[in-house]
1. Scan the stretch B:275-297 residue by residue and report those that are at pLDDT 95 or above and β-branched (Val, Ile, Thr).
2. How many of the residues in the stretch A:425-437 are closer than 22 Å to A:Val214 by Cα and more than 7 Å from chain B (Cβ to nearest Cβ)?
3. Among the residues of the stretch B:141-155, is any hydroxyl-bearing (Ser, Thr, Tyr) and in a helix (DSSP H, G or I)?
4. I'm trying to understand the selection: among the residues of the stretch B:212-249, which are among the charged types (D, E, K, R) and out of contact with any helix residue (DSSP H, G or I) (no Cβ under 8 Å at 6 or more places or on another chain)?
5. Out of the residues in the stretch A:99-108 that are assigned to a strand (DSSP E or B) and in contact (Cβ under 8 Å) with a residue 40 or more places away in the chain, state the one that is farthest from the chain's Cα centre (by Cα).
6. Any residue at all in the stretch B:132-151 that's free of Cβ contacts under 8 Å to residues at least 40 places away in the same chain and within 18 Å of B:Gly58 (Cα to Cα)?
7. Is it the case that B:Val458 is more than 30 Å from A:Val417 (Cβ to Cβ) and assigned by TED's automatic domain parsing to the domain that holds B:Ala136?
8. Assuming A:Leu402 fulfils every condition listed in (1) aliphatic (A, V, I, L, M); (2) assigned by TED's automatic domain parsing to the domain that holds A:Ala236; (3) touching a residue at least 60 places away in the same chain (Cβ under 8 Å); (4) under 22 Å from A:Glu248 (Cβ atoms) apart from one, which condition is it?
Number of protein chains: 2
Amino acid sequence: MTTTSELNELTKAATAAATQAAAATDGERAAWLVAVADALDANTDELVALADTETHLGPVRLKGEVGRTTGQLRLFADVITEGSYLEAIIDHAVPSATPPKPDLRRILRPLGPVGVFSASNFPFAFSVAGGDTASALAVGCSVIVKAHSGHLKLSERTAEIVTEALDKAGAPRGIFALISGRSAGTELVQHPAIKAVGFTGSIPGGRALFDLAVSRPDPIPFYGELGSLNPVVVTAAAAAARSTELAEGLVASFTMGAGQFCTKPGLVFIPAGTGFPDQVVTAAAGKGGAPMLTTRIAEAYPDGLRQLAEQPGVDVLSGEIAQEAASDGAAPVVFSTSASAVLANPDSILEECFGPTTVLIEYTDQDELAAVLAKVPGSLTGTIHAEADEEVTELVTQLSGLAGRVLFNGWPTGVAVNWAQQHGGPWPATTSLFTSVGATAVRRFLRPVAYQDAPEAVLHPALREANPLGIPRRVDGTLTTS
Amino acid sequence: MTTTSELNELTKAATAAATQAAAATDGERAAWLVAVADALDANTDELVALADTETHLGPVRLKGEVGRTTGQLRLFADVITEGSYLEAIIDHAVPSATPPKPDLRRILRPLGPVGVFSASNFPFAFSVAGGDTASALAVGCSVIVKAHSGHLKLSERTAEIVTEALDKAGAPRGIFALISGRSAGTELVQHPAIKAVGFTGSIPGGRALFDLAVSRPDPIPFYGELGSLNPVVVTAAAAAARSTELAEGLVASFTMGAGQFCTKPGLVFIPAGTGFPDQVVTAAAGKGGAPMLTTRIAEAYPDGLRQLAEQPGVDVLSGEIAQEAASDGAAPVVFSTSASAVLANPDSILEECFGPTTVLIEYTDQDELAAVLAKVPGSLTGTIHAEADEEVTELVTQLSGLAGRVLFNGWPTGVAVNWAQQHGGPWPATTSLFTSVGATAVRRFLRPVAYQDAPEAVLHPALREANPLGIPRRVDGTLTTS
């Protein structure tokens, strides 16, 4: 457990390091990220073995996650090297204007020391060296990570590797640190030196930290990814054309990783009176239990199931609700209900249950579907299964309003790490207008600064006339790519 | 005063209008903005006369502000027509990747109905048809403006003109509305239909509304511009070379508009032992009083002056502190103090006083200057007066950290409306990582949505393969400008 005085020392070092990191070139910081990626790749076997003992996620999934994590570090290295992220804008002086316009040059600059809270369910990709850390380091912030208690040893070993790699690559001392303990976490969010926080976790935990961040004397941005039901809509035509395939796809998606993904499809809207529920029962029949991340999560799962099963109009379609957390793991449970039952009782049915479970909701027509979708809280994803010739514009508009990623004929688990990704949506999916995955995640840790009539020598290279690095920028209103 | 049921009707209409506005093309919305600008221009004389009776700002300044406001509307029309603001990104599918990568296309979409709070000190440019309204309408949000009580008649007349112009231009009914009254304002911030708030005003007022916005069951972004001291640093070389010119420039800047600009230079750091304070006394000698915006502001001014004058080590260098608000207006007052006095008592001396006053702070060396600057709260601007051959890199770094715009050898009053402007800084200057002036202000009212494996027909034109409008976008990692 990190003490208050230890945290003070770490933030002091992080503040000094942030100044140095901000002054480093994008090329230098890109090299730091690649060094961290290389070091993690080189230690994959050790890290995967350690992670498996703490998370039960299995070596195949964990090895894939290490690759995803190091790929992410390398993507951010590419992003800062390319340079568009700086949003460089130059407006030359217009002395003849009334009033005369000065020379004005705008660029994004790093915020300073950033706090990051690790997630339970992604011990690599959303943890110590995960997306929040990588995107903050990329743009010149220093990072203090709060380890997740569910994988503390892995966190410590990962932090050692990261620290050593950064050090060898020439990054400033203090640019990265790991802390642990709940009270150190709350102190981190409230610490005057910390300028922003990234968080992945539950709605209650995230809300509590969000409230601390915004009630500081100087409120800071809190980038939380909290909870998501990830509604899926199956049209009548799609159900008629391929219900077996859809049922198998659904079961694979909601049971993946024991249903502990933030993008797990938790609500499936299906036309009433089809054979689709039977197909889901068949597809789910062969699925056994899987161990969950932590004892606390495993214990919460049957509680959540029971709460859903108690709601009027909600039936258990497949699976059994265990009396307590099973030692051999959580078995899939599928619920079925109707749109009218949800409309009568939305708050209790439209609640996320972490684990391998989903709710099939039968709708009778498009109006009822629209009405019940209007009750669904903000989500990371919204999915449409439709046939090629169907008119789905209104449905797309509605899902675009409640989710940050709208999928067609696929499943929301699986989040590509690339330039176009959007992993974030309206509250409570996330607490900001940004993504926590993909290239544009860096914008969270930057603020604009404009320089008026500044001498060339004090300007960032991307703002100098010659643009020696060929950074894309807007000059007098026109976007230029070199 | 707008009642609760009136507000409910307006938000209902605003919600419906936002859906229509989001579906309109950028070209259509650009035409709406230009129609509003044309209508305001056509009614300038009437509006200026009305504004002068309510604000005492004088016809010259007010006429200029109308031009700034309509220029701003036209700039946002250009911004959305150009299309980069959409941040369109396409990553084509990579079926051979492990795991296979889907086709993913990201774009920014409007938030929905937005609340805007008018400012007292800019009855046009930061009020009913000001920057917040213009940038929100530009991107497809609807807007409900809370009128400022200091210019209620002007607000109502402006709203009539805006509403009629939008209506004639074919914008959806309900896209714009005006409300009044303090309780309607707080209800607006808490209303479930409202998705973001823009605000320009005082620190206490802004903080109270910020707290409401972030303590909603679904917190929303609150874009507040609250307060700013706008530090100015004069180097020894600059003071030696041109103290008369600097003193005259300073007096013109801090007394402009009776010192009621958010960019008023409120702190001036000068080397100890120069003749600069005498030059300021000479320059200020000829300056008479000027009427302030409202009785409340006029009454607060002498209170603020007295509070400063009572601080140990703070002297009145020029001007007199009136016992009460003078009927012929507020006269300039210049304070002088030392960096050591500020360091001993930063909170009480480093406090904004709205009106024609500024504080000269003498520093003995660079270390003392850096130490006292470290105590200055976040500001909209930071200014450096230095000679061409001076080394100012560290000073620029420090000012970049505390302000959103760093000026060289100029004065911060006067904010150009263009692509590169940054009008926003660390708390309490603003409450977000955005600007409220200039092209990039639109990002405040947008959220990203990604479409995965979507049929062309449902995509925004900027995300279709052919890109018929030639919108700049990033395709498979490469930025393209057509």
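The values are calculated or read from the model by the stated rules, or taken from the named source; none is laboratory data. All values reported here derive from a predicted model rather than from experimental measurement. Don't worry about glycine lacking a Cβ; one is built from the backbone with ideal geometry, like all the others, and counts go over all protein chains shown.
1. Of everything in the stretch B:275-297, those that are at pLDDT 95 or above and β-branched (Val, Ile, Thr) turn out to be B:Val280, B:Val281, B:Thr282.
2. First pass over the stretch A:425-437, keeping only residues closer than 22 Å to A:Val214 by Cα: A:425-436.
Remaining after also requiring more than 7 Å from chain B (Cβ to nearest Cβ): A:425-426, A:428-430, A:432, A:434, A:436.
Number satisfying all stated conditions: 8.
3. Kept after step one, since they are hydroxyl-bearing (Ser, Thr, Tyr), are these residues of the stretch B:141-155: B:142, B:149, B:155.
Still in the list and also in a helix (DSSP H, G or I): B:149, B:155.
So far as the stretch B:141-155 goes, yes, one or more of its residues are hydroxyl-bearing (Ser, Thr, Tyr) and in a helix (DSSP H, G or I).
4. So the first thing to find is which residues in the stretch B:212-249 are among the charged types (D, E, K, R), and the list is B:216, B:218, B:225, B:242, B:245, B:248.
Hits for the stretch B:212-249 are B:Asp218, B:Arg242, B:Glu245.
5. First, pick out the residues of the stretch A:99-108 that are assigned to a strand (DSSP E or B): A:101, A:104-108.
When the remaining residues are screened for being in contact (Cβ under 8 Å) with a residue 40 or more places away in the chain, the result is A:104-108.
Details: A:Leu104: 35, A:Arg105: 32, A:Arg106: 29, A:Ile107: 26, A:Leu108: 22 Å.
Going through the qualifying residues, I end up with A:Leu104.
6. Looking for residues that are free of Cβ contacts under 8 Å to residues at least 40 places away in the same chain and within 18 Å of B:Gly58 (Cα to Cα), one finds none in the stretch B:132-151, hence no.
7. Details: more than 30 Å from A:Val417 (Cβ to Cβ): no; assigned by TED's automatic domain parsing to the domain that holds B:Ala136: yes.
In short, no.
8. Here A:Leu402 clears every test but (4).
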